[in-house]
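Input: a single structure, listed below in structure tokens.
The values are calculated or read from the model by the stated rules, or taken from the named source; none is laboratory data. Predicted model only: the values in this text are computed from it and were never measured. Heads up, the Cβs are rebuilt from the backbone with ideal geometry, glycines too, and the neighbour counts pull from every protein chain shown. Side chains included, ligands, DNA and RNA excluded: accessible areas come from the protein's heavy atoms. Shrake-Rupley method; radii C 1.70, N 1.55, O 1.52, S 1.80 Å.
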Amino acid sequence: MIVIDDIEQGTSEWLKTRLGVISASRASEFSQQSKLAPMPEDATYEKTKDGHCFNFNGVVYTGKNKAVLQNEIRETLPRVYPDMRGSYMAELVGQVCTGFVPDEFSFKQTEWGKDHEHEARSYFEFETGLKVNEVAFIYRDESRRFGVSPDGLIDGKKIGLELKCPFTTKV
């Protein structure tokens, strides 16, 4: 774990630490489950008196259940990932190639949270008796390919703090 604590979140230096890095805030896009590839167009199919027959890449697949045979063929192909993962990976590659990380979108709810984060952190420290250290970014390891921007680290422990400051009772 590599902790970056000498810069402030949201600054241009902070954006540079995240350049080409899979971050926790977008990890769901990267970690989506892969799916079976679609049935290849060059697989030939024939209905037989005993069931079904497919021929693909010189292998003959026979059986009584057509869907099971199709899945057997699809299992031989590379898995397919959702478009979100591909888009996110392309975005990260673009960041590395250009050296540019676009600013994050800002909404009034996000600004509200940022404006009240210090107060929430102080309240957490008061209520729990724990000291929270502010950090800009934490890389998982020396590869610096994965990381998080927590709202703080609990002093003396490897525990991060994520604060939420609701804009309304609905949001």
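Annotations
- Being open to solvent by less than 60 Å² (accessible area, probe 1.4 Å), farther than 30 Å from residue 40 by Cα, without any contact (Cβ under 8 Å) to a residue 40 or more places away in the chain and not charged (D, E, K, R) is a description that applies to residue 110.
- Those residues of the range 71-103 which are touching a Leu at 6+ places or on another chain (Cβ under 9 Å) and of a type outside the set (D, E, K, R), in sequence order: 71, 77, 80, 92, 95, 96, 99, 100, 101, 102
- Scanning the range 113-134 for residues that are open to solvent by 70 Å² or more (accessible area, probe 1.4 Å), closer than 29 Å to residue 19 by Cβ and either touching a helix residue (DSSP H, G or I) at 6+ places or on another chain (Cβ under 8 Å) or in a loop (DSSP other than H, G, I, E, B) (or both) returns a single hit, 134.
- Which listed residue is over 25 Å from residue 36 (Cβ atoms) and of a type in the set (Val, Ile, Thr), from 96, 60: 96
- Spans of strands (runs of 3 or more DSSP E) in the range 14-106 with at least 2 residues of a type in the set (Phe, Trp, Tyr), at pLDDT 90 or above and loosely packed, with under 15 Cβ neighbours inside 10 Å: none
- Whether a residue is more than 21 Å from the chain's Cα centre (by Cα), closer than 30 Å to residue 152 by Cβ and free of Cβ contacts under 8 Å to residues at least 12 places away in the same chain was assessed, and residue 28 does not pass this test.
- Restricting the range 135-152 to residues that are of a type in the set (Gly, Ala, Ser) and surrounded by 19 or more Cβ atoms within 10 Å (Cβ to Cβ), the residue that is nearest to residue 28 (Cα to Cα): 147
- Residue 155 vs. criteria touching a strand residue (DSSP E or B) at 6+ places or on another chain (Cβ under 7 Å) and farther than 17 Å from residue 24 by Cα: yes
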